[in-house]
Amino acid sequence: MILVEKLDFTYHNGQKEVLSGLDFHIEKGEVFGFLGPSGAGKTTTQRIIIGLLRGYSGKVKILGKERREWKKDFYERIGVAFDFPNLYTKLSASENLKLIGSYYRNQEQNIEELLDHVGLLKDKDKKVEGFSKGMKMRLNFVRSILHNPDLIFLDEPTTGLDPVNAKIIKDKILELKGEGKTIFLTTHNMTVAEQLCDRVGFINDGVLSVIDSPKNLMVTYGNPMVKVSYIEAGKEETMTLSLTEMSGNLEFHRIVDTCDILTIHSQEATLEDVFIQLTGRSLL
Amino acid sequence: MIKESMKRIKNALIADLKFERKQGFFIIYLIISFLYLLVLTQIPENVRHIAVPLVIFSDPSVLGLFFIGGMLLLEKEQGILQSIVVTPLKSIEYVISKVASLSIIAVLAGLLISRLTYSESVNYIYLLMGILLTSFFFTQIGILIACRSRTINEFFLRMVPWMLALMAPAFLLIPFWDAAVLNLFPIVACLRLVYGAYHFNSIGMIAFQMIYMALLNGGLLIYTTKQFEERIVYGGQHGQIDPSQK
């Protein structure tokens with residue numbers, strides 16, 4: 001679906017390379033997460049692939065063709081939701097969708113059904129200027145998929161959303177994946193990445209340090225520990241031991257056999273821990 | 001291909017007219033037209049003969065320029081432009097739609113003012129062509145200025161030198177009213193076209209002014225589209241400029 005090889009990019013007014021030798025590919029039906037802190041090169045990479053930045057060197061092959069060779073019909077096949085909700089504020093939700101939707105060949109999607117999916121059906125005739133940030137973000141998201149694209153680019157899709165609204169968007173992303181859509185997601189939210197992405201790439205200072213599934217990264221770079229809380233002689237105690245030591249650790253077995261266990265939690269590394277370990281920088 | 005393009009332009013035009021209506025552009029146009037009417041009906045008939053064409057000319061030129069700036073920068077401010085550039089709507093279709101939407105208002109306002117204030121015969125084909133060619137030209141100039149501006153204030157500041165350069169040649173008409181060479185200045189060609197609808201001019205001259213302005217508008221359309229691509233589509237949020245260096 002997307003093949004990027006040796007991608008370099010420098011802004012006109014900059015001397016420093018913003019992207020340096022990026023190599024990655026995204027398969028059809030995959031949710032690929034691009035993780036990195038602000039200014040790491042996530043949005044720049046996305047804008048090059050979408051076709052909003054020129055002057056890159058290297059190979060960016062998308063939907064079977066080099067990006068430079070695509071014309072405007074490219075946008076019939078992809079959907080884009082930027083991190084900022086770009087909407088006609090004086091128009092209603094459904095008017096916004098109808099207007100943008102009218103530029104596409106494919107207009108089969110039912111607007112009311114889409115609005116219903118993200119809980120906006122009852123607000124379809126309200127002006128967007130009265131919408132909360134969460135409502136705008138949901139409408140912005142729906143707008144990116146209303147022409148039923150094969151490939152969807154989402155930039156920080158859950159930014160500024162409360163947990164309920166974030167879940168609505170995350171569920172919809174998984175539903176799209178289930179329909180075979182390919183999703184390129186840029187975020188600095190590792191929880192979102194863990195929950196949604198088949199694979200993630202860590203980018204920092206324009207360099208991709210690693211690409212793998214969140215699970216593999218956490219296992220490979222983490223040091224999984226287990227924390228046990230228990231009551232012994234009327235007093236609450238805790239014990240931490242390595243996951244691999246559990247079966248052979250006599251003290252652990254004694255506690256399990258003789259004490260009242262309160263909780264047992266595995267303490268595997270988070271994606272954030274792995275990111276810090278690999279890049280020396282935090283995601284925020 | 002052409003059918004699809006026409007469909008997109010039609011839809012963009014509907015979107016623009018809707019946007020203009022919701023942003024109150026129509027109301028402003030109506031108020032201005034009403035004020036013109038008020039003034040024009042109060043002045044003597046012989047002055048009105050000259051004033052009506054001038055007022056009608058000022059509508060698509062000056063007002064068109066003002067409105068396109070407001071429109072484009074509002075779209076920029078609301079981020080709408082960013083969402084439009086990732087749709088199949090081509091830059092040239094976007095520009096044509098913007099120009100057409102303001103030209104429609106200019107034509108309606110021009111015809112209304114003309115009908116209500118001018119009792120003698122008017123050549124409406126010349127008038128229509130005059131308003132359209134003037135509107136196309138100045139709206140495109142407005143797009144060029146708006147592409148270079150980040151805020152409405154910046155747009156107005158940038159507009160001053162453009163306006164001076166474009167409008168100044170019109171003053172040459174005072175000493176040299178009949179000088180044919182002045183037709184080379186777009187403002188003069190446009191003004192004479194609109195004026196010609198009320199006061200007969202030679203067909204040869206009108207044909208020259210129409211063809212000249214049509215060619216100029218065609219060339220300007222190519223340039224405006226290119227500038228729109230450079231500064232808006234590939235300019236985007238941060239453009240080719242490193243946001244951290246801004």
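For A:Arg105, the conditions (1) open to solvent by less than 20 Å² (accessible area, probe 1.4 Å); (2) in contact with a helix residue (DSSP H, G or I) (Cβ under 8 Å, 6 or more places away or on another chain) all hold with the exception of (1).
In a helix (DSSP H, G or I) and either open to solvent by less than 70 Å² (accessible area, probe 1.4 Å) or over 30 Å from A:Tyr11 (Cα atoms) (or both), is that true of A:Lys227?
Working: in a helix (DSSP H, G or I): no; either open to solvent by less than 70 Å² (accessible area, probe 1.4 Å) or over 30 Å from A:Tyr11 (Cα atoms) (or both): yes.
Against the criterion (in a helix (DSSP H, G or I) and either open to solvent by less than 70 Å² (accessible area, probe 1.4 Å) or over 30 Å from A:Tyr11 (Cα atoms) (or both)), A:Lys227 does not qualify.
Of everything listed in (1) over 28 Å from B:Val160 (Cβ atoms); (2) in contact (Cβ under 8 Å) with a residue 40 or more places away in the chain; (3) in a helix (DSSP H, G or I); (4) at the interface with chain A (Cβ under 10 Å from one of its Cβ atoms), the single unmet condition for B:Lys7 is (2).
Sort out which residues of the stretch A:96-110 are within 11 Å of chain B (Cβ to nearest Cβ) and not in a helix (DSSP H, G or I), and write them in order of number.
So in the stretch A:96-110, the residues within 11 Å of chain B (Cβ to nearest Cβ) come out as A:96, A:98-107.
If the condition is that a residue be within 11 Å of chain B (Cβ to nearest Cβ) and not in a helix (DSSP H, G or I), then A:Ser102, A:Tyr103, A:Tyr104, A:Arg105, A:Asn106, A:Gln107 are the ones that fit.
Of the numbered criteria (1) more than 30 Å from A:Thr263 (Cβ to Cβ); (2) touching a residue at least 60 places away in the same chain (Cβ under 8 Å); (3) open to solvent by less than 20 Å² (accessible area, probe 1.4 Å), the one A:Ile169 fails is (2). Scanning the stretch A:57-75 for residues being part of a strand (DSSP E or B), open to solvent by 10 Å² or more (accessible area, probe 1.4 Å) and of a type outside the set (D, E, K, R) gives a total of 2.
Screening the stretch B:10-50 for residues that are farther than 26 Å from B:Thr117 by Cβ and of a type in the set (Lys, Arg) and picking the one that is nearest to the other protein chains (Cβ to nearest Cβ) gives B:Lys22.
The set of residues from the stretch A:206-224 being open to solvent by less than 30 Å² (accessible area, probe 1.4 Å), assigned to a strand (DSSP E or B) and polar (S, T, N, Q) is empty.
Would the stretch A:193-204 turn up any residue that is under 28 Å from A:Ile152 (Cα atoms), open to solvent by 70 Å² or more (accessible area, probe 1.4 Å) and either in contact (Cβ under 8 Å) with a residue 40 or more places away in the chain or not assigned by TED's automatic domain parsing to the domain that holds A:Ile168 (or both)? Among the residues of the stretch A:193-204, at least one is under 28 Å from A:Ile152 (Cα atoms), open to solvent by 70 Å² or more (accessible area, probe 1.4 Å) and either in contact (Cβ under 8 Å) with a residue 40 or more places away in the chain or not assigned by TED's automatic domain parsing to the domain that holds A:Ile168 (or both), which makes the answer yes. So B:Gly235 passes all but one of these: (1) in contact with a helix residue (DSSP H, G or I) (Cβ under 9 Å, 6 or more places away or on another chain); (2) within 30 Å of B:Ser121 (Cα to Cα); (3) assigned to a loop (DSSP other than H, G, I, E, B). Which condition number does it fail? Going through the list (1) in contact with a helix residue (DSSP H, G or I) (Cβ under 9 Å, 6 or more places away or on another chain); (2) within 30 Å of B:Ser121 (Cα to Cα); (3) assigned to a loop (DSSP other than H, G, I, E, B), B:Gly235 breaks only (2). For the stretch A:12-56, residues that are in a helix (DSSP H, G or I) and of a type in the set (Asp, Glu) total 0.
Residues of the stretch A:77-95 that are without any contact (Cβ under 8 Å) to a residue 60 or more places away in the chain and either more than 9 Å from chain B (Cβ to nearest Cβ) or in a loop (DSSP other than H, G, I, E, B) (or both): A:Phe84, A:Pro85, A:Asn86, A:Leu87, A:Tyr88, A:Thr89, A:Lys90, A:Leu91, A:Ser92, A:Ala93, A:Ser94. Within the stretch B:53-69, can one find any residue that is modelled with pLDDT under 85 and farther than 30 Å from B:Glu154 by Cα? No, the stretch B:53-69 contains no residue that is modelled with pLDDT under 85 and farther than 30 Å from B:Glu154 by Cα.
The values are calculated or read from the model by the stated rules, or taken from the named source; none is laboratory data. Values in this document were obtained by computation on a predicted structure and should not be read as measured data. Using ideal geometry, Cβ is built from the backbone for each residue, glycine included, and neighbour counts are taken over all protein chains shown. We work out accessible area using only protein heavy atoms, side chains counted, and drop any ligands, DNA or RNA first. Shrake-Rupley method; radii C 1.70, N 1.55, O 1.52, S 1.80 Å.
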